[in-house]
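Colleague: Before anything else, here's the structure in question.
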Amino acid sequence: ATLTLDNASLHGCDGLWEGIKMLNNSAIFTLNNTRIEDARKAINASFGSAFISVQNTTFNRNYTGIWMESSATAPNPPYIANAYDVNFFCDAPIVGTANEISDHGIYSLNCPVSYQLASEADDHNLNFKGLKYGIKIEGDRPAELKGNSFTFREIRYAGVQMNRGSVNLTNSDFINYGDAGISIFGLRGLTLNDCQFRLLETDPNFFPSP
């Protein structure tokens, strides 16, 4: 099954909604100023082969924008095939809460998170702002995060947190992060080209207390 969201707007009415749950051997395409808001997991791809393509899309005030989950030995786990010009924001408290913010822009459990460029001239332009984690990768499957033009701004804990694997980023910025720009527990490789880590003046209440 394939779902295409073209210039679509999906949001909750009186509270959170569950989000889009992908089945095995399914695909989703979002494009042309699509917005997905107020979901527990805006796109939920768990335990099955799933193809995700997100372009010119905004995820806002979701607990998680894209959630991917699989076993460490699954031959065909869910994966993001394309990600260009995508925003993961939390510009106000999660609906129904006084001050809760989004947990993750992208969460992966044993799923690949390497975004290949169509050409050297392409930029991913992924923007993460006002979240607890930009990208969080867990599980026993070693992961490689590879991309170009990622921006993490005002992230409460870490822009990228990974259980084990490697990071290869180009032309990416980490601005105002609470604990770390990048945190990897089992580091296998780190390549950063033209990346900046900066702490600028911001609301002191945004960051967790020591």
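Colleague: If we keep just the residues of region 78-100 that are without any contact (Cβ under 8 Å) to a residue 40 or more places away in the chain and closer than 19 Å to Ile137 by Cβ, which is least open to solvent (accessible area, probe 1.4 Å)?
Modeller: By that ranking, first place goes to Ile80.
Colleague: Go through region 96-108 and give me each residue that's assigned to a loop (DSSP other than H, G, I, E, B), modelled with pLDDT of 95 or more and β-branched (Val, Ile, Thr).
Modeller: Across region 96-108, the qualifying residue is only Ile101.
Colleague: Quick check on my filter: what residues within region 1-10 are farther than 17 Å from Tyr63 by Cβ and either open to solvent by 50 Å² or more (accessible area, probe 1.4 Å) or not small (Gly, Ala, Ser) (or both)?
Modeller: Here is the first cut: in region 1-10, the residues farther than 17 Å from Tyr63 by Cβ are 1-9.
Hits for region 1-10 are Ala1, Thr2, Leu3, Thr4, Leu5, Asp6, Asn7, Ser9.
Colleague: I'd like to check which strands (runs of 3 or more DSSP E) are fully inside region 110-201 and have at least 3 residues that are in contact with an Asp or Glu (Cβ under 7 Å, 6 or more places away or on another chain) and at pLDDT below 95.
Modeller: Numbers: elements: 126-129, 133-138, 143-148, 150-155, 158-170, 173-177, 180-193, 196-198.
Answer list for region 110-201: 158-170.
Colleague: Can you name the condition, by its number, that Ser166 falls short on among (1) in contact (Cβ under 8 Å) with a residue 24 or more places away in the chain; (2) within 17 Å of the chain's Cα centre (by Cα); (3) within 24 Å of Phe59 (Cα to Cα)?
Modeller: The number of the failed condition is (3).
Colleague: Does region 11-34 hold any residues that are assigned to a strand (DSSP E or B) and either surrounded by fewer than 17 Cβ atoms within 10 Å (Cβ to Cβ) or in contact (Cβ under 8 Å) with a residue 60 or more places away in the chain (or both), and which are they? I'd like the intermediate steps shown before the answer.
Modeller: Filtering region 11-34 down to residues assigned to a strand (DSSP E or B) leaves 17, 20-22, 26-31, 34.
Scanning region 11-34 gives Lys21, Ala27.
Colleague: Moving to a separate point now. Scanning region 36-54 for residues that are over 21 Å from Thr97 (Cα atoms) and open to solvent by 50 Å² or more (accessible area, probe 1.4 Å), which turns out nearest to the chain's Cα centre (by Cα)?
Modeller: Looking at the filtered set, the residue picked out is Phe51.
The values are calculated or read from the model by the stated rules, or taken from the named source; none is laboratory data. As the structure is a prediction and not an experimental result, all values here were calculated from the model. Here the Cβ is made from the backbone with ideal geometry for all residues, glycine too, and neighbour counts use every protein chain on show. Keep in mind that these areas ignore ligands, DNA and RNA; they rest on the heavy atoms of the full protein, side chains included. Shrake-Rupley method; radii C 1.70, N 1.55, O 1.52, S 1.80 Å.
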